Amino acid sequence: MKNDTNTQTNNQNQEDIAEVKEKSSAQQWLDENYPKEARSSIKELDLSGWIDKDGKWEAKPNWGKLIGDLDLSTFPSLEKLDCSFNKITSLNLSNCPNLTELKCWDNQLTAIKLPKSQLDLKILHAWTNYLTELDWNAFNPETLTYISISNNNFLRQNVSVFSKFINLEELYLGNDIEERIEQGICNRFYGSLVTLKDLTKLAKLQIEMTKVKENFEHLSNSNLQITGWYKKNEMIAKTIPLERLYVIRNNIQQFLDKWSKEEDYEWYELNYWKNQSDKEIALSRLKNPDDFSKGWWVITGTQWVNRAALVTGGSLVLVGQSDTNDPNSQLYTQIGGVISITSPFVETITSYVNDQIYETKQKKWDDFLTDAEKFLDNYNELLGVLSQFEKIAELKGTVNKSVKNLNEKVKKFLDIYDGEWDGKKDGEIDIDELTTKRNELVKDLDKEKNSEVQGMIDAIKDLEKKIITYRKFSYYEENIKKVDKPQDTKVELEKENLLDEELEAKIEIPINK
């Protein structure tokens with residue numbers, strides 16, 4: 001009986017789990033919450049997973065995102081639909097001819113089935129999905145005022161497809177999610193903005209990271225805003241010397257690797273409170289030659305003890321202190337004789353060791369100063385590069401964010417080591433300031449991966465990666481992984497560019513002529 005009870009309980013648990021999983025299905029959730037007999041009169045449907053709280057989007061409390069396909073063909077009167085912020089993979093709107101607003105952003109949509117009759121749609125929010133195409137002929141060209149399809153996966157098509165939407169006020173076509181771009185999940189619009197010259201109401205345009213030509217001068221609205229971070233991001237990506245970043249990063253990395261390396265104690269540094277297995281980083285073992293005298297009594301003291309022994313030894317011979325009263329006995333001068341013989345030898349050895357240790361420490365200190373000068377040259381050069389972008393915090397985009405992050409790391413290091421002169425900081429770090437705060441540098445390098453220096457190196461690496469990705473996508477798109485059919489051969493690209501130029505030339509010719 002007990003086994004049967006356990007079996008029943010396990011089966012029930014499995015059913016409950018399955019029920020929860022099934023309830024996460026978009027279609028099942030819709031069927032359970034909207035009876036079919038009541039759907040024909042519904043004009044507005046909010047299935048979104050977010051709420052607008054004081055002008056900020058926040059996830060709905062206890063909202064499980066709707067997953068899978070969603071069929072709304074049983075809502076014939078639907079005018080406004082918001083199913084944003086879910087995991088819906090397809091939408092069936094084939095029987096929703098009255099739709100005027102469609103908000104389906106931030107889902108996993110690969111397809112939207114539209115009515116056969118032309119929709120009088122005004123607003124289309126479909127950004128951040130996986131759409132590869134839409135039938136633009138399904139929309140009334142005179143009613144559509146807002147199109148947002150950025151960060152999708154649209155196949156190559158000319159931007160001229162939007163030229164018929166003469167009342168369009170905002171158009172968002174670009175890509176700004178780096179992870180998707182690197183995977184080849186991005187919109188592939190191309191062509192010339194000359195084809196949109198008749199969109200006199202167009203006030204906002206986003207075309208970043210596409211192949212659309214930036215001939216904004218052909219657009220008629222003088223108040224047009226180029227939204228996003230495209231041009232500023234491109235300016236920074238082109239301006240920052242990538243090759244110098246490599247050199248700067250490698251030189252800073254060499255400094256970190258060398259002076260944060262753990263070292264064993266030398267034999268002359270051991271004493272009764274230090275264990276031979278203890279280790280410290282190389283930088284912590286340095287001493288400024290000017291400071292040697294503070295701890296040099298260990299070595300020089302040996303010499304003075306030895307010299308005292310020498311004098312004492314001589315005195316013993318003269319005084320003749322011995323274990324025997326017989327001045328002719330060998331034991332009479334044994335102690336003093338031994339001292340007088342051995343002391344000059346110890347004196348010589350001690351002096352040699354003293355010189356060798358001093359020279360070793362002096363060499364290491366000079367070596368550190370040379371490396372520190374090189375490190376500071378590269379650091380101050382990096383400061384100079386970043387100084388071109390003082391207002392970086394106001395910019396958006398992946399490259400700009402990386403520059404901002406690096407700028408913060410560099411400025412933090414500057415705040416720590418830039419000393420005050422007459423109550424002011426000069427905005428640079430010199431060798432005297434760095435050596436004066438050597439203890440702070442030792443503590444920092446000893447943090448390994450969490451050090452300020454390592455943070456700068458990581459930030460430079462990140463910026464290099466962002467710039468390479470941006471340049472590669474902007475100028476060498478054919479080298480990025482494609483997820484659609486391979487149609488971007490060199491010949492076809494040249495042919496398309498030629499057609500674009502011909503189209504542009506034809507459009508610029510006045511019709512009256």
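For the range 173-192, the set of residues classified as in contact with a Lys or Arg (Cβ under 8 Å, 6 or more places away or on another chain), at pLDDT 90 or above and either in a loop (DSSP other than H, G, I, E, B) or surrounded by fewer than 22 Cβ atoms within 10 Å (Cβ to Cβ) (or both) consists of Cys186, Arg188, Tyr190, Ser192, listed by residue number. For the range 103-113, the criterion of being closer than 25 Å to Thr132 by Cβ, outside any loop (DSSP other than H, G, I, E, B) and of a type outside the set (D, E, K, R) is met by at least one residue.
Under the condition of being more than 19 Å from Glu381 (Cβ to Cβ) and either surrounded by 13 or more Cβ atoms within 10 Å (Cβ to Cβ) or at pLDDT 85 or above (or both), the residues counted in the range 442-453 number 7. Checked against (1) buried (at least 20 other Cβ atoms within 10 Å of the Cβ); (2) farther than 22 Å from Phe189 by Cα, Leu144 passes all but a single condition, namely (2). For the range 159-183, what are the residues that are in contact (Cβ under 8 Å) with a residue 60 or more places away in the chain and over 32 Å from the mean Cα position of the chain (by Cα)? Ser160 - this is the single residue of the range 159-183 that is in contact (Cβ under 8 Å) with a residue 60 or more places away in the chain and over 32 Å from the mean Cα position of the chain (by Cα).
Hey, does the range 202-216 have a residue that's modelled with pLDDT of 90 or more, out of contact with any helix residue (DSSP H, G or I) (no Cβ under 9 Å at 6 or more places or on another chain) and not in a helix (DSSP H, G or I)? Within the range 202-216, one or more residues are modelled with pLDDT of 90 or more, out of contact with any helix residue (DSSP H, G or I) (no Cβ under 9 Å at 6 or more places or on another chain) and not in a helix (DSSP H, G or I).
The values are calculated or read from the model by the stated rules, or taken from the named source; none is laboratory data. Note that the structure is predicted; figures quoted are calculated from it, not measured. Counting neighbours? That spans all protein chains shown, and the Cβs are built from the backbone with ideal geometry, glycine included.
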